[in-house]
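The values are calculated or read from the model by the stated rules, or taken from the named source; none is laboratory data. Just so you know, these numbers come straight off a predicted model, no measurement behind them. Ideal geometry is used to build each Cβ from the backbone, glycine not excepted, and the neighbour counts take in all protein chains shown. Keep in mind that these areas ignore ligands, DNA and RNA; they rest on the heavy atoms of the full protein, side chains included. Shrake-Rupley method; radii C 1.70, N 1.55, O 1.52, S 1.80 Å.
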Amino acid sequence: MDRSKVVFIFSALLLFLTACHPKTSQSAKRYPFTGRIVSIDAQDQSAIIDGDAIPGFMDAMPMSYKIKPPATLGQLTPGDSISAEVVVAPLGGDHSNTFSEYWLEDVKVTAQKDATPAAGPKAMHMPAPGEDVPDFSFTNQSGKRISLHQYRSQILLVTFIYTRCPFPDFCPRMSGNFAEIYKQFGANPALAGAHLLTISFDPEHDTPKVLRDYGFSVAHTKEPKLFSRWEFAVVGAADLPKVADFFALTVTPEGGLITHNLSTTVIGPDGKVAKWYHGGDWQVSDLIKDAAGALDHKG
């Protein structure tokens with residue numbers, strides 16, 4: 001084959017491979033980060049961190065972050081103040097504004113754990129076991145007004161989402177976990193009398209119809225009986241601040257999406273907090289175990 005043809009073919013192949021495999025590092029964004037460690041999940045190689053505001057990216061809020069390299073986790077303790085660099089990698093193409101993953105690098109401890117707990121009017125409320133849950137009201141997937149006190153005598157599992165959430169490790173993961181729990185209703189004695197409640201904090205978009213369609217989608221069924229054990233509801237805009245404050249939920253609308261953390265609570269038959277999870281570092285088996293414990297307590 002002519003030498004010039006070989007060079008041309010090789011050059012074309014190189015351009016093709018470059019186009020098909022763009023360097024994601026060139027499009028990843030990096031921001032200076034500071035915050036305080038809330039909890040550590042060594043198995044998931046992540047930590048819940050109460051992060052300070054990141055100018056140009058997001059407001060101050062607690063979130064779960066992967067830590068790279070994972071060995072860094074061994075140097076961290078809940079309560080430590082840290083500095084780091086948050087790396088945000090977009091999907092690219094038509095999804096350039098949707099982030100596929102994010103993590104922290106170059107994590108350094110700037111202050112050791114303070115034995116004195118945070119206090120004052122700006123301290124975040126954390127639902128504690130034995131604490132009475134206020135009788136908050138919501139509108140469910142059927143347009144019906146419901147309130148938390150109506151579930152007294154039942155074990156109520158509550159989590160928060162919004163249906164447009166694009167992050168797989170956030171709302172879709174919570175809904176997927178609840179779907180797994182729903183599958184075990186009727187077969188697992190630990191879930192006898194348990195009720196699932198998924199609450200949206202996006203009243204502008206998540207209408208009863210949207211919630212109903214979303215429920216059928218995540219539960220993989222079209223049977224209306226779904227809603228007798230698993231309801232989908234939305235909190236009104238006026239009540240959202242109070243609900244968010246009690247359940248340690250941070251909600252910040254931004255650019256058509258909502259920046260938020262995760263909050264899941266097991267409420268006992270007595271209307272008190274049995275267990276609260278900050279973030280998504282819980283498993284289906286954890287909530288089932290908590291439900292069994294709440295059922296035993298009732299007995």
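Partner aspartates and glutamates whose Cα lies under 18 Å from the Cα of LYS225, excluding those fewer than 8 positions away in the same chain, are identified as GLU180, ASP213.
Solvent-accessible area assigned to carbon and sulfur over segment 148-188 amounts to 47 percent, based on a 1.4 Å probe.
Other residues whose C-beta falls under 13 angstrom from the C-beta of ALA187 contribute a net charge of +1, scoring Lys and Arg +1 and Asp and Glu -1.
Where the centre of each part is set by its Cα atoms, how far does segment 139-209 sit from segment 56-77, in angstrom? For segment 139-209 versus segment 56-77, the Cα centre distance is 28 Å. Among VAL234, GLN283, LEU196, which residue has its Cα furthest toward the positive end of the charge dipole of segment 192-299, with +1 on Lys/Arg Cβ and -1 on Asp/Glu Cβ? After comparing all options, I get LEU196.
Relative to the current alpha-carbon distance between LYS272 and ALA111, full extension at 0.36 nm per residue lengthens the span by 54.4 nm. For the peptides 256-263, 161-168, the ranking by packing is 256-263, 161-168, with the highest mean count of neighbouring Cβ atoms within 10 Å listed first. Each of SER39 and ASP52 was given a label point 7 Å from its Cα along the Cα-to-Cβ line. The distance between the two points is 2.5 nm.
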